[in-house]
Amino acid sequence: MAGRGPARGEDGRPRCPWALSAPEYVDYHDTEWGRSLASDDQMFERMSLEGFQSGLSWLVILRKRPAFRRAFAEFSIPAVAAFDDRDVDRLLADAGIVRNRAKIEATIANARVVGDLPGGLLGFVQGFAPTARRRVPRTLDDVPAATPESSALAKGLRRNGVRFVGPTTAYALMQATGLVNDHLAGCAARSASGR
């Protein structure tokens, strides 16, 4: 896929080429990726899932997302912040999610700190959106893995006690939540996602 521009899906619509390998990707690309969020809990879900994805395929996370939502109380920040050692044990036994102790414990710890972020988690993350006009990517090679803004976001989150977030994970979060528009030029979803 490296260097490739948009490709036509089975329905004839041009999409970013990464979105064509599985039906879950097509749906995620067309309806969620690059779209703004409306709540702190939605941002917490996306941030948590980006952390769980580290080292894995995003497709694994998409397929497990319903189980993640059940296991993590629909990513309600107050509910997850109240999780205790019994919940950690419960989560480690849940084959429906990624059973990684460090990531599970980080998600719970993150819930305990994101409620105190200035402006809430959603506002805090949105505060790092690039303000300068960016060149529209034409191919996957034009899409960066990290940016100065994602590095600043990761640093700001870590400074406030958030774990399992680096510049690359922060940039993926920015892409997924519409803070940057990395739908390629010619992708049918580009204009729908804004920015």
For region 40-176 the mean separation of alpha carbon contacts under 8 Å (6+ apart) over residue count, i.e. relative contact order in percent, is 26 percent
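Please report, in debye to the nearest 20, how large the charge dipole of the chain is about its Cα centre when each Lys and Arg carries +1 at its beta carbon and each Asp and Glu carries -1 there.
Here the size comes out at about 500 debye.
Give me the tail of P(r) for the chain as a percent: Cα-Cα pairs with distance above 26 Å. Walk me through the numbers before you get to the answer.
Values: 6129 of 18915 pairs.
Here the tail beyond 26 Å accounts for 32 percent of pairs.
Treat the count of other C-beta atoms within 10 Å as a stand-in for reagent exposure and order GLU45, GLU74 from fewest to most. Could the numbers behind the result be given before it?
On the way: GLU45 22, GLU74 12.
Least to most surrounded, the residues fall as GLU74, GLU45.
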With the label point 7 Å along the Cα-to-beta-carbon line of ALA67 and a cut-off under 18 Å to each amide N, the hits in region 7-28 are 24-25
The farthest towards the positive end of the charge dipole of region 40-176, of the residues VAL114, PHE72, GLN175, given +1 on Cβ of Lys and Arg and -1 on Cβ of Asp and Glu, is GLN175
The farthest towards the positive end of the charge dipole of the chain, of the residues VAL60, GLY186, VAL26, given +1 on Cβ of Lys and Arg and -1 on Cβ of Asp and Glu, is GLY186
If R0 = 22 Å, then ASP84 and SER39, at their Cβ-Cβ distance, give a FRET efficiency to the nearest 0.05 of 0.35
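Sort ARG86, ARG63 so that the residue with the fewest other Cβ atoms within 10 Å of its own Cβ comes first and the one with the most comes last. Before the final figure, lay out each step's value.
Values: ARG86 8, ARG63 13.
With the sparsest Cβ surroundings first, the list reads ARG86, ARG63.
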Label model pair ALA152, ARG99: point-to-point distance (7 angstrom along the Cα→beta-carbon line) in nm is 4.2 nm
Expressed in angstrom and rounded, the centroid-to-centroid distance over alpha carbons for region 119-175 and region 1-56 is 16 Å
Expressed in nanometres to one decimal, the distance between label points 7 Å along Cα→Cβ at ARG163 and ASP141 is 4.0 nm
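All of the numbers you see were taken from the coordinates with simple rules; none came from a lab. For clarity, every value in this text was computed on a predicted model and none was experimentally measured. Reconstructed Cβ throughout: ideal geometry from the backbone, glycine too, with neighbour counts over all protein chains shown.
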